[in-house]
Amino acid sequence: MGKNIVEKILSTHIIEGKPEKGSEVGIRIDQTLTQDATGTMAYLQFEAMGVPKVKTELSVSYIDHNTVQIGFENADDHKYLQSIAAKYGIVFSRAGNGICHQVQLERFGKPGKTLLGSDSHTPTGGGVGMLAIGAGGLDVAVAMAGGSFFLSYPKVIKINLTGKLKPWVAAKDVILKVLEKFSTKGNVGCVFEYDGPGVKTLSVPERATITNMGAECGVTTSIFPSDEVTKEFLKAQDRENDWIELLADEDAKYDQIVDIDLSELVPLAATPHSPGNISTVKEIGEIDVDQVCLGSCTNSSYTDMMTVAEILKGQKLHPNISFVVAPGSKQVIENIIKDGGFESIVASGARIAESACGFCIGNSQSPKTDAVSLRTSNRNFYGRSGTKSANAYLVSPETAAAAVITGKFTDPRDLEKMGIQYPNVKMPAKFYIDDAMFIFPKDAKSDDKIYRGPNIGDPPAAEPLKDKISGFVTLKVEDKITTDHIIPAGSKMKYRSNVPKYSEFLFEVVDPTFHDRAKAIKESGRDNIIVAGLSYGQGSSREHAALCPMYMGVKAVLAKSMERIHNANLINFGILPLNFKDDADYDGIDQTDELEISNIKEALQQGKNLIIKNVSKGTKFEATYLLTERQKDILLAGGALAMMKK
Ligand code: MIC
Ligand code: SF4
C-alpha cells in the first residue's frame, strides 16, 4: 500500500511503539534547534542529564528572541548559551544572525529528516520536506541526549492545492484560508500534508510561510513534498547535496482531504485577537492604520522583503504610519542590499529593526494606545504586542505594503489603480552566503567552563504526584487561553532564566491577582487548581507556562480540551492534565471553589476516571485523562527530569 510523506519519514524514524493512529510512538530526532528564550531552561536541564556531547546529527542554539538587552540579563543568557554550545558540540548562531526558523531553513533544513525545536514554529522546516516539530525545552534536551521524542501517531490531512496564486495574493493568504477552514482548535494529533498540482507553483519560502503558521491550527506539524522546487532552493543555498526527492505515493491514503484552489484566493487578514478570526481585506474596509510591521519567522524571507521593496520603490510612507522592518536573517539583509531592495525600504521611511523576533514577541515596537497594527507575523493574541488596547491584524507583506502607502487597510490589488504594478519577485538562483555568524563546534573554544550570570537559577524540581489533590480553583478561565495569557513574553521575557521572578507575572493579562492568591494558597499547604475551557494552552511551546505554575503549587489543570505542546509540558513538570467527562460540569464550578481529587494513583493505575468533589457546592463529577503509561510514570516520578534520573 502506498505511503504519504509523513508515513515515509515516520517509518524510518520510529524506535518505540506501533504505527497505529492515536497510539504513542517514540521517534529518533536528527536535528534540534533551541532559541534563547526557551534555551536556557532546556540547557540547564540538559546539563542535569550528564551527557558529554549532543547525540544528534546537528543541534543549533539560536539567539534571536531576547536581543533587546536592557539590563544584563539577556547578555548573560547569551554568554551562558555560547559556553554550553562550545562544551557540548552545538552550533551557535549569534545574535544578529537571524530568526531561528528562517536561518535553519536556509542553512540546515534537509528533506526527509526530523527536526525538534523548542519553539512552536519549528514546522517552518516542513517547507523543505522535513518532519519538523515544536516541543517544550525539556523534550528537546532529551532528544539532544539521544532519547526518543514521543508523539501520538498522527492523522494525516491532505491539503490538495490546485491552480496558481493570482498577483497580489500571497502564501500568507493560503495559510489564513487554512486557518479559516480548520480554526485554532480541534486539530490536536493531526498533520497537514500539502500535495496536488498547485504545490509546484510555490517556492520554498512560500511553503515555509504556510507550514510555519500551521502551528496556529494546533497541528503536530505541516509538510510539503521535496521536489524540483526544493532542489532549486537548496542549490541556491549551495546545499544541493542535501536534496532528496520525497513525494507521496500515487495511492497514498489520508484521513481527510481538503481542496484549496489557489487561483480563487483573495487577500485575507486575521482580525483581533486570534489568528483564527479570518476576513477578507475588502470586508474589513478602509480603516485607519497606525503601525505596519514587516518580518517575523512567517514572512521575513528574501522574497517577502524584495516584494515589499519593489512595491515601495519611489513611495514614501503615509504620515500616520510607523513602519517597522525586521528582515529574517543576516543572509536576507545581505541579499536585499545586493539586489537594491534595502535601499527602497529605507527610502520609503521604514524603521529598520534587528534581524530578530522583536515586534512579534512584543519586546519592542509596541504600538500606541488603541492602535491598529498590521503585522506579517503569526499571532495577534490579546496583549501580545505589548499594548493591551491595540488591535493587531495579521496580513501578507503585500497587504502590509499597501497600508504603508495609503495609511489605511487596503486591498493590495487596488494599488494597480494607483499605477503600482505587481512586482512578481523571484528567488535568486544563488544566494550570497556568509556563515561567519555561526560558531561551529570545531571552531569553538571551550575550556569546559560554563558561564553563569546572576540571572541564571537552577530549574525548580517537580514533586512526585500526590494521591490526593486538595485545594482551590485559583483561576477559572474561558476557551482558547493561550500561553501568552498564562505567562507573558515581551518585556517580562528577560526573566526566563529566573523562575521565581518570572512566576510573578503568571496570568498577568487575565487576572493580575493570580500570583498573590496562588502564593497564599500554596503557603497554607493547600493546592492550586486551574479550570479552563476549550483549547487551553494554545500558541507557544514555552515550558514556563507549566514550570511557573508548578513553582506556584498548581497541581492540576482541568480543561474542556488542551493543546498538544502545553499538555506535554504540564506532564513533564508534574502537573496533572485533566478533562471534563461532561463539559457541562465546567458551568457548575466557580473560581475559589474548594475541590478534592482523591485516590489518584489507584485510578491512574487502573485506568479509571477520577472523581472530583466540589466541597463548596456539595457536588461530585468525573474527570478523564489522556495519559499513556509512560506519561503516568513521569507524573508519578515527579516530572520528566526525575524520571530520567531513575
Ligand atoms: C512565540 O512566538 O510565542 C515564541 C516566543 O516564539 C514561543 C517560544 C517562547 O515562548 O519562547 C513559541 O512560539 O514557542
Ligand atoms: Fe520569534 Fe515571533 Fe517567530 Fe515566535 S513567532 S519565533 S517570537 S518571530
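Worth pointing out:
- Any hit, the range 146-169, residues being at pLDDT 95 or above, under 19 Å from the mean Cα position of the chain (by Cα) and not in a strand (DSSP E or B): yes
- Qualifying positions in the range 502-554 - within 16 Å of ligand 1 (Cβ to nearest atom) and in a helix (DSSP H, G or I): Tyr502, Ser503, Phe505, His544, Ala545, Ala546, Leu547, Cys548, Pro549
- Flag if Gly112 is within 11 Å of ligand 1 (Cβ to nearest atom), touching a residue at least 60 places away in the same chain (Cβ under 8 Å), more than 22 Å from Glu354 (Cα to Cα) and touching a strand residue (DSSP E or B) at 6+ places or on another chain (Cβ under 8 Å): no
- Count of residues meeting criterion [of a type outside the set (S, T, N, Q), away from ligand 1 (no atom under 15 Å from the Cβ) and over 26 Å from Pro412 (Cβ atoms)] in the range 353-391: 2
- Counted residues, the range 92-137 - those being among the aliphatic types (A, V, I, L, M) and surrounded by fewer than 24 Cβ atoms within 10 Å (Cβ to Cβ): 1
- Where a residue in the range 502-519 is touching a residue at least 60 places away in the same chain (Cβ under 8 Å) and its partner, wherever it lies, is crowded, with 22+ Cβ neighbours inside 10 Å and in a helix (DSSP H, G or I), with Cβ under 8 Å and at least six apart: Val509/Asp484; Val509/His485
- Residue count for the range 65-94, restricted to those that are of a type in the set (D, E, K, R) and closer than 22 Å to Phe108 by Cβ: 2.
- Lys417 vs. criteria away from ligand 1 (no atom under 16 Å from the Cβ), more than 29 Å from Ile63 (Cβ to Cβ), charged (D, E, K, R) and touching a residue at least 24 places away in the same chain (Cβ under 8 Å): no
- Extreme residue, surrounded by the fewest Cβ atoms within 10 Å (Cβ to Cβ), among residues of the range 555-579 that are among the aliphatic types (A, V, I, L, M), touching a residue at least 60 places away in the same chain (Cβ under 8 Å) and in a helix (DSSP H, G or I): Ile571
- Selection from the range 353-378 of residues that are away from ligand 2 (no atom under 16 Å from the Cβ) and either closer than 18 Å to His65 by Cβ or without any contact (Cβ under 8 Å) to a residue 60 or more places away in the chain (or both): Thr369, Asp370
Okay, residues lined up against (1) among the hydroxyl-bearing types (Ser, Thr, Tyr); (2) buried (at least 19 other Cβ atoms within 10 Å of the Cβ):
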residue	(1), (2)
Thr483	yes, yes
Ile487	no, yes
Ser491	yes, no
Tyr495	yes, yes
Glu504	no, no
Phe507	no, yes
Asp511	no, no
Asp516	no, no
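- Sole residue being more than 27 Å from the chain's Cα centre (by Cα), surrounded by 21 or more Cβ atoms within 10 Å (Cβ to Cβ) and modelled with pLDDT of 95 or more, chosen from Gly362, Gly341: Gly341
- Residue within the range 503-516 that is out of contact with any strand residue (DSSP E or B) (no Cβ under 9 Å at 6 or more places or on another chain) and over 21 Å from Arg384 (Cβ atoms) present: yes
- From the list Ala208, Ala269, Ala248, Ala236, the one residue that fits, being surrounded by 16 or more Cβ atoms within 10 Å (Cβ to Cβ), at pLDDT 95 or above and more than 25 Å from Pro397 (Cα to Cα), is Ala248.
- Assessment of the range 341-352 against the conditions (of a type outside the set (D, E, K, R), in contact (Cβ under 8 Å) with a residue 24 or more places away in the chain and within 16 Å of ligand 1 (Cβ to nearest atom)) yields no matching residue.
- Checked against the criterion of being away from ligand 1 (no atom under 16 Å from the Cβ), in contact (Cβ under 8 Å) with a residue 60 or more places away in the chain, in contact with a strand residue (DSSP E or B) (Cβ under 7 Å, 6 or more places away or on another chain) and not in a loop (DSSP other than H, G, I, E, B), the range 311-330 contains one or more residues that satisfy it.
- Summed over the range 453-494, residues that are of a type in the set (Val, Ile, Thr) and in a loop (DSSP other than H, G, I, E, B) total 4.
- Check on Gly126, within 16 Å of ligand 2 (Cβ to nearest atom) and farther than 19 Å from Thr211 by Cβ: no
- Pair list, Cβ < 8 Å and 6+ apart or interchain, from the range 53-76 residues that are farther than 19 Å from Val103 by Cβ to residues that are away from ligand 1 (no atom under 16 Å from the Cβ) and among the aromatic types (Phe, Trp, Tyr): Lys53/Tyr88; Asp76/Tyr451
The values are calculated or read from the model by the stated rules, or taken from the named source; none is laboratory data. All values derive from a computational prediction rather than experimental measurement. Positions of Cβ are backbone-derived with ideal geometry, glycine not excepted, and every protein chain shown enters the neighbour counts.
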